[in-house]
1. Angle check, please: helix 228-249 long axis (alpha carbons) against the longest principal axis of the chain (alpha carbons), in degrees 0 to 90, nearest 10.
2. Viscosity 0.890 mPa s, temperature 25 °C: Stokes-Einstein D of the chain from its Kirkwood Cα radius, in µm² per second?
3. Express in whole angstrom the spacing between the alpha-carbon centres of region 1-64 and region 74-129.
4. Which residue, 170, 271, 42, has the most motion in a Gaussian network model of the chain that connects Cα atoms within less than 10 Å?
5. Using only the alpha-carbon atoms, how far is helix 28-42 inclined from the longest principal axis of the chain? Give it as 0 to 90 degrees, nearest 10.
6. Restricting to the chain, compute how many DSSP beta bridges are antiparallel as a %, nearest 5.
7. Over what distance in Å are the Cα centres of region 161-217 and region 249-277 separated?
8. Nearest 10 degrees is fine. How inclined is helix 192-206 to the longest principal axis of the chain, computing both from alpha carbons?
């Protein structure tokens, strides 16, 4: 994954001591690097575009940066749409397991095609009679031999089983003169084999619905981009497959890649301070008490902490957060070997760029971290979306 991310400007580490409260820092130069790499590879497929999954970040200023880099975006609700509607994204798409009728009306009025997740939602849509263009989120029956612990195929709760629902889809299409224009999937992480299987499966469906214009291949790109050389080879093969399909069927398709974590995770850092140390007798390990909560920010994030001190001694530690929840720890009490730490030391937690704040909770009514962006070696305060108040620049 090293090719997806670059080291932040070294001045970041010099600025850390100026930060007196827990802080989230996004590296804009790193984001630009990641966008460039992803675009270079994705564009090996004709008419393929990079979108941002807005569920990964809700900071308005950062969303504007992504829009200015030429991306599209995908939203899961009217609330997310309101965040991005004036940002200038090339295209806005949406999928969700549920839209209220008011939400459907909002998207239709703004010319955004919804990729619906169930036949029941499709029935709600046609009963409203506001539009005839709609998309479908498709369930993918990934073969067991292609499945991984991070893949959601038959075990996913999302999507319409096309072949099981085909008769009803045809009935609705013919009765209401529907134009089904989009196919949309998201199945967790992909290997090369499973990704190619998904493409072939969707092309087979598209061959049966002559109104399909766009295939959204979702996100989950960490596994896929583990080996860039293999990924580029795969995309070239996929492009040949697509071109052959288009020649046979006499129509062009648009393809969308829609990552969230791959764009942001490695380009965001949580900065915290060690406020106390003590030994956990049963675990026989030193606990480093931080001034932020991992339970509130990162139940599913895995991070390899970076310390700024240069101690030659090392110690075995766990990182714990500042709520009254016993389980408030980094990576479920994972043990780390780190330079010997003292009270007041600062620590950088990489891999916090995606989902940490969009998933955040306020247990014990603790404040969430301040947000900053690193640009050309300087950090700038970002408008805080959750607390609704700006923070001071440093």
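Laboratory data are not the source of any read-out in this text; all were calculated from the coordinates shown. In this text, all values refer to a predicted model and were calculated from it rather than measured experimentally. Here Cβ is always computed from backbone atoms with ideal geometry, including for glycine, and neighbour counts include all displayed protein chains.
1. Computed tilt is about 20 degrees.
2. Details: Rh = 22.7 Å.
Answer, rounded: 108 µm²/s.
3. Answer, in whole Å: 27.
4. Maximum among the listed residues: 170.
5. 30 degrees
6. Numbers: 26 of 61 bridges.
For the chain, the DSSP antiparallel bridge percentage is about 45.
7. Answer, in whole Å: 25.
8. Once rounded, one gets 30 degrees.
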